[in-house]
1. Out of residues 5 or more away from Val62 or on other chains, whose amide H comes under 5 Å of its own, with H placed 1.01 Å from N in the peptide plane?
2. Sequence neighbours fewer than 8 away in the same chain don't count; with that in mind, list the lysines whose C-alpha is under 24 Å from Lys124.
3. Rounded to the nearest 500, what is the chain's calculated 222 nm mean residue ellipticity when only DSSP H runs of at least 4 contribute -39500 (n - 2.57) each, over all residues?
4. How big, in percent, is the set of alpha carbon pairs in the range 95-233 lying more than 23 Å apart?
5. Modelled label-to-label distance, Leu207 and Val59, 7 Å Cα→beta-carbon offset: nm?
6. To the nearest Å, what is the center-to-center distance of the range 128-166 and the range 5-58, using C-alpha atoms only?
7. Lys191: which aspartates and glutamates have alpha carbons under 18 Å from its alpha carbon, excluding same-chain residues fewer than 8 sequence positions away?
8. Would you be so kind as to identify all helices of the chain, as entire DSSP H runs, whose Cα atoms reach 15 Å or more along the helix's own axis and whose mean Kyte-Doolittle hydropathy is at least -0.5?
Amino acid sequence: MRSFAQRADTTCVDEPFYAHYLSATGKQHPMREEVLAALPQDWRDVVTQTLLAPCAKPVQFVKHMAHHLEGGVETDFALDDTMINLFLIRHPREMLPSLLSDLGHLEAMDMGYERQVELFRRLKAAGRCTAVVDSTELLADPEAMLREICAAVGLEFDPAMMQWPAGRHESYGVWAPAWYAKVETSTGWRKHVPKTADFPSELESLLPVALAAYEELYAAALHPRGHSPQTKS
């Protein structure tokens with residue numbers, strides 16, 4: 001999202017279903033009350049007031065979290081003719097420990113992998129344009145991957161997507177102080193740093209489902225020209 005926010009033709013929207021998710025699930029996330037006050041708590045209002053509403057610029061980039069689709073969200077909006085859907089994925093052996101560190105406790109519904117696959121399958125069956133991006137490969141060669149992403153969604157690559165000023169951006173949600181400390185210190189893409197710690201034993205039961213979903217999505221992932229898909233396990 002921070003990269004797309006650098007485009008002059010693009011407006012960015014940050015996690016518009018977050019308040020619905022917190023309201024529907026009762027999850028006690030940092031800055032819960034601020035989020036509930038800042039966004040519509042009814043997912044239908046998010047769809048009509050944000051996702052399908054007119055946009056001041058030619059492109060509206062909306063960052064979603066797949067687990068925010070819990071609580072009865074109907075995903076018909078994703079089939080709208082104005083929508084192009086990108087799926088950003090991260091290997092579970094890296095994503096799950098990070099999420100555990102952020103939340104302190106993890107349940108299956110917190111992962112979002114199954115919701116991603118469910119939506120991906122629905123879009124694919126409907127013949128809609130989708131693109132899958134693996135975060136590790138994006139960080140390995142950001143410009144090459146961004147060129148592939150832009151081509152997949154019908155945009156020209158903009159070199160401005162490679163760098164940005166440090167600090168908070170107007171597109172960030174009200175929850176930025178709790179979640180965006182690292183990105184606020186960044187001025188561009190940072191190299192991927194693999195996790196070297198042992199995989200937490202309390203996450204082992206969640207790993208098979210997460211891996212199956214990840215591998216299904218990775219099979220459809222974009223790869224920069226001349227790059228071979230990585231072996232995943």
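1. Val13
2. Within reach: Lys63, Lys232.
3. Numbers: 11 runs with 87 residues, N = 233.
Result for the chain: -10000 deg cm²/dmol, rounded to the nearest 500.
4. Details: 4703 of 9591 pairs.
Beyond 23 Å sits 49 percent of the P(r) for the range 95-233.
5. So the label points at Leu207 and Val59 sit 3.8 nm apart.
6. Rounded to whole Å, the Cα centres lie 23 Å apart.
7. Correct list for Lys191: Glu94, Asp134, Glu137, Asp141, Glu143.
8. Working: long enough: 92-103 (16 Å, 0.07); 113-125 (18 Å, -0.98); 142-153 (16 Å, 0.77); 207-218 (16 Å, 0.82).
Within the chain the helices that satisfy the rule are 92-103, 142-153, 207-218.
Each reported figure results from applying straightforward, stated rules to the coordinates on display, with no laboratory input. A quick note: this is a predicted structure, and the numbers were derived from the prediction, not measured. Note that each Cβ is placed from the backbone with ideal geometry, even for glycine, and that neighbours are counted across all protein chains shown.
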